[in-house]
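All of the numbers you see were taken from the coordinates with simple rules; none came from a lab. If you're wondering where the values come from, they're calculated on a predicted model, not measured in any experiment. In this analysis, Cβ positions are derived from the backbone assuming ideal geometry, glycine residues included, and neighbour counts consider all displayed protein chains.
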Amino acid sequence: MHPLRKNTLLLSVLWTGLLLVLFFLNFREIQKGPVAQAQVQARSLLSSVISFRSWASHFGGVYVTPTEQYPPNPYLKTPERDLVTRDGKALTLINPAYMTRQVLQDFYSQEGINGHISSLHPLNPRNTADTWEKQSLLAFEQGSTHAWTVEPTQEGSRVLRYMQPLYVENKCLKCHDDQGYRIGDVQGGISTNIDLSHGDAIAAGSIQSLLGTYVLVWLIGLGGIFVLLRRSMSLAAERKQKDNLLAVSENLAQGFINGMSEVANLEDSFHALASMLEKRDPYTAGHQLRVADLAEKIALELGMTQDQAHGVRLAGMVHDIGKIQIPAEVLNKPGKLSDLEHSMIRLHPQVGFDILKAIRSPWPIPEAVRQHHERLDGSGYPQGLKANDIIMEARILAVADTVEAMSSHRPYRPGLGLEAALAEIKELSGTQLDPVIVEACLRIFHEKDYRFSA
Ligand code: HEC
Ligand SMILES: [Fe+2]
């Protein structure tokens, strides 16, 4: 498998795993919600019930008018259970447990709230503890302060059962004294059931929308990973193709030159070579031809022979052939070049020399190409040659190259115009450029009205 593909697969698996874990954690938190909320509800209900029981115990029970629905409590054995007021009205004593039952059964139950008071030793059989209540009461005797459990209902939903202990206090013994309790004992407990179906429905809704969000995020992530893969694959392919192209064009050039050494008409061959370079770098190709033409004119103006001038022309036609080795994006890069890119560019005279050195011709073409960026004051490259160590052909190319390059457009900068270019070589005359050659060049433009072809 392609290594990029393998990385992508790994990334996708990691991404999926990460989301699964996050979703699971979120899911668990939401699922715990309804029970936690019901517990809070149960605790506050029981504490309010225990408070009003405590209030009633404080008075040893409270007297109310008995009704048919709430008759005197047969389990309450106190002698003053039933009283008659002076004007003949009957009153009966309501003990806290009786009161709790009435309130929970007949008033709270309208709100869907329920409760049950129970004991391991009930006075009233209605207060008998069921199995879970019994377990909880035994746990309270061991010191637990509350008990809860979640049970399924017959309707298929869930219910929270929650229970708290009731401890024997001094005021309780007034009625419970013959049961053998001591203060602080667990006398019983009070439990409530809270329906979880509403909370569960809400949680299910949240989980569903959470799942939707997670699936969306998951898909977006996978899409991103996929796009990343495609991009890096095509980048890799592009790079490979470029490398291939570069190798091919270098080989072609070299093969071409090697065959060329026998060819008599170098100019035709150089044309062919230049048009090959043009495929990659159209600017350099046109540049070379214009430099060649101007350089030949300068050579003639300097009084060189037709034959020597022809050699200068030929050298001009291929003076930048070494750029075949530089990637096109570096050649045409606007703005500042990095150090690495700069050093790539500075190699082209030597590369050109290496490509051309196999040619057997009467002219110093390879040497002229190698030296065309040398400068009189030694500031040039690649060898930093000075003054007369630079051959005449190369000094002519340097002037023609500078004028052409400055006056013409490049993809990364506009041309400065011919006048600015001529002013520039005048400026450099004597320091970097040969003054005699600069003079000749200016004459050609000013007196002979020479112009570059398009
Ligand atoms: C006025 C008398 C009276 C007082 C005071 C009183 N109780 Fe009771 N209690 C009763 C009676 C009577 C019953 C049983 C009949 C019933 O269920 O109403 C009972 C029932 C209970 C039960 C249910 C189990 C059973 O025995 O049937 C518990 C638990 C309980 N009382 C706890 C207490 C606690 C704790 C206190 C003190 C905070 C207390 N009682 C104060 C009279 C009293
Ligand atoms: Fe150059």
Expressed in angstrom and rounded, the centroid-to-centroid distance over alpha carbons for segment 160-187 and segment 1-62 is 34 Å
Cα-Cα pairs in the chain separated by more than 36 Å, as a whole percent of all pairs, come to 61 percent
Taking Cα atoms, the helix 435-446 axis meets the longest principal axis of the chain at an angle in degrees (rounded to 10) of 90 degrees
Helix 418-428 sits off the longest principal axis of the Cα atoms of the chain, rounded to the nearest 10 on a 0 to 90 degree scale, by 80 degrees
Computed about the Cα centre, the charge dipole of the chain from +1 Lys/Arg and -1 Asp/Glu charges at the Cβ has a magnitude in debye, to the nearest 20, of 1460 debye
Here the relative contact order (percent) of the chain, from C-alpha pairs under 8 Å and at least 6 apart, is 11 percent
Filtered hits (lysines, Cα-Cα < 21 Å from residue 171, offset >= 8 within chain) -> 77
Phi-derived 3J(HN,Hα) across segment 159-170 with the Karplus relation (6.51, -1.76, 1.60, θ = phi - 60°), rounded Hz, x for Gly and Pro, is 9, 9, 9, 9, 9, 10, x, 10, 9, 6, 10, 3
Taking Cα atoms only, helix 197-260 is inclined relative to the longest principal axis of the chain by an angle, in degrees rounded to 10, of 10 degrees
As straight-line cross-link partners of residue 426, the qualifying lysines (C-alpha separation under 29 Å, not fewer than 8 residues apart within one chain) are 297, 323, 333, 336, 386, 448
Quick calc: nm separation of the 7 Å Cα→Cβ label points for residue 43 and residue 215 -> 3.8 nm
In whole percents, the bins of 10 Å from zero upward hold the Cα-Cα pairs of segment 260-446 as 10, 38, 40, 12, 0
